[in-house]
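Coordinate-derived values only; no laboratory data. Small disclaimer: the values here were computed from a predicted structure and weren't measured. Cβ placement follows ideal geometry from the backbone for every residue including glycine, while neighbour counts extend to all protein chains displayed.
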Amino acid sequence: MRRAGRLVAEVLALVESELRPGITTGELDRLAERHLRAAGATPSFKGYLGGGHYGRGPGAFPASLCISIDDQVVHGIPSERDIQEGQLVSVDAGAIVDGWHGDAARTFVVGPVSAEARELVDTTRLALMAGIAAAQPGSRIGDIGAAIEDIAMEKGYGIVRQFVGHGIGTSMHEEPQVPNFRSGNGGRRIEAGMCLAIEPMFTLGGDAVGVEADGWTVVTRDGSLAAHFEHTIAITEGGPEILTSVGSPLVAGSRSI
Ligand code: MG
């Protein structure tokens, strides 16, 4: 999982370095797929059939990245669409290495955007980090959602509720679900050895979302801008460890967690 996480981080860094007005989302996708396959990994999303809280399209997902622009929240399909200045571009990447998954997402700002849009992006990133900080052994899954919800509420943002974070391991989506809001009785106890993908999705408007005609792309119903950040983390005795950062340690001979 360290290797899968590290590769996903590399792919997002590659996308960041290539992201500019005029490049198409399809070109970014091809760069990402080439990087993953050259490293011996398989893209998690290509061929994914979806299900439950994680989206379900009309068939297999056709690409290696999800690229969602402005009011698109998640699951945008790369195409010949050009990136333009002033857009919020959310990129989600997944990789499988030796059967183990990594999953992460970032929202990038292309050129100048409104202060409001930038604050949405910064705050969603901050909420992800607050959610990760709450993922301590002995805490509950609900503590993650509470930390994320508190940050959204402070700013008056919408929290997309239809899609949630998840356990991750030999499948991309495993139990437990990790909501980005308070729900139920606090949820399952967090224990060392668990791996989670935490992924807040905030909007400048309401929390209602719909799906575009392609059957995959999730959009805000009110057309408001959305941002999405995600990391895969491992819970260790010492606390949460982010697996999907470029600086993630690759320890030779370490066990796969
Ligand atoms: Mg995910």
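Projecting the Cα positions of Gly111, Leu65, Ala4 onto the charge dipole of the stretch 2-256 (unit charges on Cβ atoms of Lys, Arg, Asp and Glu, taken about the Cα centre) puts Ala4 furthest along the positive direction.
So, by mean Cβ neighbours within 10 angstrom, what's the order for 15-24, 212-221, 157-166, 66-75 with the highest one leading?
Numbers: 15-24: 13.6, 212-221: 17.3, 157-166: 22.1, 66-75: 24.7.
Highest-to-lowest ranking by the protection proxy: 66-75, 157-166, 212-221, 15-24.
Computed extension gain for Glu237 through Ala38, at 0.36 nm per residue and net of the alpha carbon distance, reaches 68.2 nm. Here's how it looks for Gly187: its modeled amide H is under 5 Å from those of Gly142, which are all 5 or more places away or on a different chain. Near Leu243, once Lys and Arg are set to +1 and Asp and Glu to -1 for all other residues with Cβ below 13 Å from its Cβ, the sum equals -1. Net charge around Met153, counting only other residues with Cβ within less than 13 Å of its Cβ (Lys, Arg = +1; Asp, Glu = -1)? Around Met153, the surrounding residues sum to -2. Charge tally around Gly187: other residues with Cβ under 12 Å, Lys/Arg +1 each, Asp/Glu -1 each, net +2.
Distance between the modelled labels on Ile23 and Met153, one decimal in nanometres: 3.9 nm (7 Å Cα→Cβ projection).
Which whole-number percent gives the relative contact order of the chain, counting Cα pairs below 8 Å spaced six or more residues apart?
Working: 668 pairs, mean separation 60.7, N = 257.
This gives 24 percent for the chain.
What whole-number distance in Å separates the alpha-carbon centres of the stretch 1-71 and the stretch 157-171? Comparing the Cα centres of the stretch 1-71 and the stretch 157-171, I get a distance of 17 Å.
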